[in-house]
Amino acid sequence: MTDIIHIDSVDTYNRFFGLETRHPLASVVDLRKATPAQPSFTFNYGIYALFLKDTKCGDIRYGRQTYDYDEGTVVSFAPGQVASVKMTDTTRPTGLGLLFHPDLIKGTSLGQEIKSYSFFSYSSNEALHLSEDERHILQDCLDKIAIELDHPADRLSRRLITRSIQLLLDYCMRFYERQFVTREAANRDVLARFEALMDDYFTAGLPRTEGLPTVKYFAQRVFLSPNYFGDLIKKETGRTAQDLIQGRVIDRAKELMAGSSKTVSQIAYELGFQYPQHLNRIFKKKTGLTPGEYRMRETGAN
């Protein structure tokens, strides 16, 4: 079994690949110069990493999913993520990588917004595929970051480095949004599967044993990471996946209250709520009525 290598600093990554560290908290690495200490390895990232790959160089695995690098792809990792890499014998990696430590962005605008760059939590098989023009834009951003990292440190260095990184991440966000649009047919298929899976969840009575359905549950069943799945659903519907799930739960609650004599508590437990008060709160938020008020209105209308 391959030992897990903890990449807790930029220098740890660079030393593994025989690369020079010019700045303790950030680095732009030329992958052509990388000479890994071993052909197969598993990293537990403690830093942020983003790679702009030019050629296929090997397989990267997230859990049971394997992704083959294509030309012009971007993959990224956030602290806490684990990824395994198996290098091929006949090819070497080319392209650039950006590494930066969380300490670099503390107290900066990038530090405040880093969570909004949800693609850091996408799986590797959800990589960003670039056009030639897009690749040149990212290449230019990385070149500017590298120049600033090589510049003698002054009072503006940290601000310029973090703002340049943020510009790069903003472009990645834009290109991912373009990719969601260009994959509209595939995305609609995911949406249809999501709708069917929600129906199946309640038909099979899973709330009684599994609890309330979660975004993670459905993401796993369409083979996507929760963040990518959530962003895809938001792009397709204008609503969050969590909002759609809650809407389906409330619809089911309405059916049971209007068409059965079960108490509100019984319905709450049947739908996976641990406490009836939780159903009451969500129901009132979604409908403007308590479950009891809704039942009185519906049965009174009959």
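The values are calculated or read from the model by the stated rules, or taken from the named source; none is laboratory data. What you see is a predicted model; the values in this text were computed from it and never measured. Here Cβ is always computed from backbone atoms with ideal geometry, including for glycine, and neighbour counts include all displayed protein chains. In case anyone asks, the SASA skips ligands and DNA or RNA and just uses the protein heavy atoms, side chains included. Shrake-Rupley method; radii C 1.70, N 1.55, O 1.52, S 1.80 Å.
Things to note:
- Residue within region 147-165 that is under 23 Å from the mean Cα position of the chain (by Cα), open to solvent by less than 50 Å² (accessible area, probe 1.4 Å) and closer than 15 Å to ALA78 by Cβ present: yes
- Residue list for region 271-302, restricted to those being open to solvent by less than 100 Å² (accessible area, probe 1.4 Å) and of a type in the set (A, V, I, L, M): LEU271, LEU279, ILE282, LEU289, ALA301
- Among the residues of region 238-278, those identified as farther than 20 Å from GLU293 by Cβ and either hydrophobic (A, V, I, L, M, F, W, C) or more than 34 Å from the chain's Cα centre (by Cα) (or both) are ALA241, LEU244, ILE245.
- Test for LEU206: is it open to solvent by 40 Å² or more (accessible area, probe 1.4 Å), over 27 Å from TYR48 (Cα atoms) and touching a Phe, Trp or Tyr at 6+ places or on another chain (Cβ under 7 Å): no
- Condition check for ALA185 on (1) part of a helix (DSSP H, G or I); (2) modelled with pLDDT of 90 or more: one failure, at (2).
- Contact map, region 30-41: first residue free of Cβ contacts under 8 Å to residues at least 40 places away in the same chain and more than 18 Å from LEU98 (Cβ to Cβ), second residue open to solvent by 40 Å² or more (accessible area, probe 1.4 Å) and outside any helix (DSSP H, G or I), Cβ cut-off under 7 Å, separation 6 or more or different chains; pairs are THR35/GLY18.
- Yes/no for ALA219 being without any contact (Cβ under 8 Å) to a residue 24 or more places away in the chain and surrounded by 15 or more Cβ atoms within 10 Å (Cβ to Cβ): yes
- Selection within region 249-261 - closer than 25 Å to LEU197 by Cβ and either open to solvent by 50 Å² or more (accessible area, probe 1.4 Å) or among the acidic types (Asp, Glu) (or both): ASP251, ARG252, LYS254, GLU255, GLY259
- In region 1-52, of all residues being polar (S, T, N, Q) and touching a helix residue (DSSP H, G or I) at 6+ places or on another chain (Cβ under 7 Å), the one that is farthest from GLU134 (Cα to Cα) corresponds to THR21.
- THR90 in contact with an Asp or Glu (Cβ under 8 Å, 6 or more places away or on another chain) and at pLDDT below 90: no
- Test: GLU132 is more than 15 Å from the chain's Cα centre (by Cα), over 29 Å from ALA241 (Cβ atoms), of a type in the set (Asp, Glu) and surrounded by fewer than 12 Cβ atoms within 10 Å (Cβ to Cβ): yes
- Counted as qualifying within region 211-299 are the helices (runs of 4 or more DSSP H) with 2 or more residues that are out of contact with any Gly (no Cβ under 6 Å at 6 or more places or on another chain) and acidic (Asp, Glu), namely 226-237, 241-259.
- Residues of region 225-284 that turn out to be among the polar types (S, T, N, Q) and under 30 Å from ARG183 (Cβ atoms), as a count: 6
- Any chance LEU191 is assigned to a helix (DSSP H, G or I), surrounded by 12 or more Cβ atoms within 10 Å (Cβ to Cβ), touching a residue at least 24 places away in the same chain (Cβ under 8 Å) and touching a helix residue (DSSP H, G or I) at 6+ places or on another chain (Cβ under 9 Å): yes
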